[in-house]
Amino acid sequence: VPEHVWRINLDTPEEAQQNLSFGAADRWWEQTDLTKLILASNKLQSLSEDVQLLPALTMLDVHDNQLTSLPSALGQLENLQKLDVSHNKLRSLPEELLQLPRLRSLLLQHNELSQLPEGLGQLLSLEELDVSNNQLTAIPSSFALLVNLVRLNLACNQLRELPADLSAMKSLRQLDCTKNYLETVPPKLATMASLEQLYLRKNKLRSLPELPSCKLLKELHAGENQIETLDAENLKQLSSLCVLELRDNKIKAVPEEITVLQKLERLDLANNDISRLPYTLGNLPQLKFLALEGNPLRTIRRDLLQKGTQELLKYLRSKIQDDGPGPNEEPPVTAMTLPSHSKVNIHAITTLKLLEYSDKQAALIPEAVFDAVGTNPVNTVNFSKNQLREIPPRLVELKESICDLSLGFNKISCISSELCLLQKLTHLDLRNNLLTALPEEMEALKRLHTINLAFNRFKVFPSVLYQLPALENILLSNNQVGSIDPLQLKAMDKLGTLDLQNNDLLQVPPELGNCENLRSLLLEGNPFRTPRAAVLAKGTAAVLEYLRSRIPS
């Protein structure tokens, strides 16, 4: 970080030295101290202790760097309210960090933390804490002191249990424990009266937790566990529940009591061992989405499952013997209102097989967008021009049909394993993000023939691309790629377009000339000396011919 950044409150700026007659009202540097400093997405390996020269800071954002430690001087920033050190290489936190009396948001996700300081509970003002994607095996008991915490994210760690003391967090509304090794949830958690969203997916739970006091709980996500039974008493306690997600478990039966969940809008029971359903399910008044595929259902024909939720509920109601004919059916909902007051275009989903939620500047794709899909097959998804930082996990629900995915113009810095499950993808647009690498698991995308990675941060050619035999178009312009492997490219016999404009190629290997299937090779804007611009201007065939002539005999 340039020295003058730390000294911005102390030093008179250059323009004041240039004999300009600043009146007292214009001397801004004497009137205000720096309150926000954003150093995100750089290559910082350390932060100077000089950060203490900026005591008025309320926000410090250094996410997406290469920090392995933090300066103890952070403890002197007593006005700091938000600290984002996510996506770094931190292995520990300085004790001084625990002295920040006004800190409301602490973002530590995607680091290498194996433990948290025992005194973390001293941060009494904390409202948001994200420690997901670390290597934590335990949670300090002092967490119980964080009585103002509203959101706690513990996902993707190595937790085998949750401390019962978490129940003291009386303000907590959202708790995410996805992808840990939890076998049970402490009974005391049931007293968390403010809890609205509880994520327990991808753990080792054998039963649903008992949550008698969680009267406000609206969403319970417990998919991909080992749950075998749904206890009727447990269900009765969840009267406010709108979303119950239990896919990929081992549930054999659904109790009649599920009808007490009168506010339920979304029920996902896909990929379980359910052989029959209570017909009374058809009477849930708010239910808009019911997923049942992947179950050995005997009483419901497969073609009925494919007709969508409304038809299915209609069928279930018709089977309730005691009731006479149901009241007049309401017409199916054609558009669902989302939090942003925009509409999901249901017509586009059903006729064009298109799911679009683009240009909304959204940090997350609302649940209702995915809910709107129901059981309709969707071929094209466009979530471009938002503020997404990760691949929306629920894209996996569309894996049977999605071919074309656009996530361009977001802030995605890494590709999660969910994307690698979309094995029918043929087009993938990830341009204008913050990507530096692609996971090797992407070699599962055997049908992919176009990938757009322009305007990212790749320094090396993603090696997994060499493993995708169907690729026809690789668009990698405006990155920092320094070299390519011509032998591996030659083996990609379908490759027709390779766009490497505006990268850092210092040389073009002559063997690239043997890639005779290339119809479009774009190399302008790189620092190599040969081929010269005059050769490049003649087009791909001429460039390949020139390169072949340079291969040592």
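The values are calculated or read from the model by the stated rules, or taken from the named source; none is laboratory data. Remember, it's a predicted structure, so these values are computed and weren't measured experimentally. Reconstructed Cβ throughout: ideal geometry from the backbone, glycine too, with neighbour counts over all protein chains shown. Side chains are part of the model used for accessible areas, which takes the heavy atoms of the whole protein and leaves out ligands, DNA and RNA. Shrake-Rupley method; radii C 1.70, N 1.55, O 1.52, S 1.80 Å.
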Residue 87 long-range amide H proximity, modeled H, under 5 Å: 64, 109, 110, 111
Highest-first arrangement of 438-445, 449-456, where packing means the average Cβ count within 10 Å: 449-456, 438-445
- line: Descending accessible area (1.4 Å probe), largest on the left, turns 357, 181 into 181, 357
statement: For the chain, averaging the sequence separation of alpha carbon pairs under 8 Å that lie six or more residues apart and dividing by its residue count, the contact order in percent is 4 percent
- request: Work out from phi, with θ = phi - 60° and the Karplus expression 6.51 cos²θ - 1.76 cosθ + 1.60, the ³J(HN,Hα) of each residue of the stretch 179-190, listed in order in whole Hz, and give x for Gly and Pro.
  value: 6, 10, 10, 6, 9, 9, 10, x, x, 5, 4, 4
statement: SASA check, residue 137, accessible area w/ 1.4 Å probe, all protein chains in place, rounded to nearest 10 Å², comes out at 80 Å²
message: With the cut-off at 20 Å, tell me which of the pairs 170/218; 263/319; 36/170 have Cα atoms farther apart than that.
response: 263/319; 36/170
- request: Order 548, 104, most accessible first, counting only protein heavy atoms with a 1.4 angstrom probe.
  value: 104, 548
- line: The correct pair for the chain, radius of gyration to one decimal and Dmax as a whole number, both in Å and from Cα atoms, is 27.8, 92
message: In Å, what Kirkwood hydrodynamic radius results for the stretch 92-184 from the alpha-carbon pair distances?
response: 13.1 Å
field: Volume in Å³ per residue [convex hull over Cα atoms, computed for the stretch 371-411]
entry: 69 Å³
statement: Along the stretch 215-227, Karplus-curve 3J(HN,Hα) (6.51, -1.76, 1.60; θ = phi - 60°) to the nearest Hz, with x for Gly and Pro, reads 5, 9, 4, 9, 10, 10, 10, 9, x, 6, 10, 10, 6
- line: Over all directions, the stretch 346-549 yields a Cα convex hull whose mean projected area in nm² is 11.0 nm²
Square roots of 5 times each gyration tensor eigenvalue, C-alpha, the stretch 140-213, largest first, Å: 18, 13, 11
field: Residue-normalised accessible area of the chain, given per residue in Å² at a 1.4 Å probe
entry: 48 Å²
- prompt: Rounded to a whole number, what % of the accessible area of the chain do carbon and sulfur atoms account for, probe 1.4 Å?
  reply: 47 percent
Rounded accessible area of residue 315 (nearest 10 Å², 1.4 Å probe): 50 Å²
- request: Using only C-alpha atoms and all pairs of different ones, pull out the Kirkwood radius for the stretch 182-318 in Å with one decimal.
  value: 15.0 Å
- prompt: Which whole-number percent is the relative contact order of the stretch 346-549 (Cα, under 8 Å, 6+ apart)?
  reply: 11 percent
message: For a protection proxy built on the mean count of beta-carbon atoms within 10 angstrom, sort 37-44, 243-250 highest first, please.
response: 243-250, 37-44
task: Check cross-link reach from residue 250 to the aspartates and glutamates: straight Cα distance under 12 Å, and skip same-chain residues fewer than eight apart.
output: 224, 228, 273
message: Apply the Karplus curve 6.51 cos²θ - 1.76 cosθ + 1.60, θ = phi - 60°, to the phi angles in the stretch 104-110 and return the couplings in whole Hz, x for Gly and Pro.
response: 9, 10, 10, 10, 10, 5, 6
- prompt: Lys pairs in the stretch 346-549, Cα-Cα under 16 Å, at least 8 apart or on separate chains: how many?
  reply: 9
field: With all protein chains modelled, accessible area of residue 385 [1.4 Å, Å²]
entry: 90 Å²
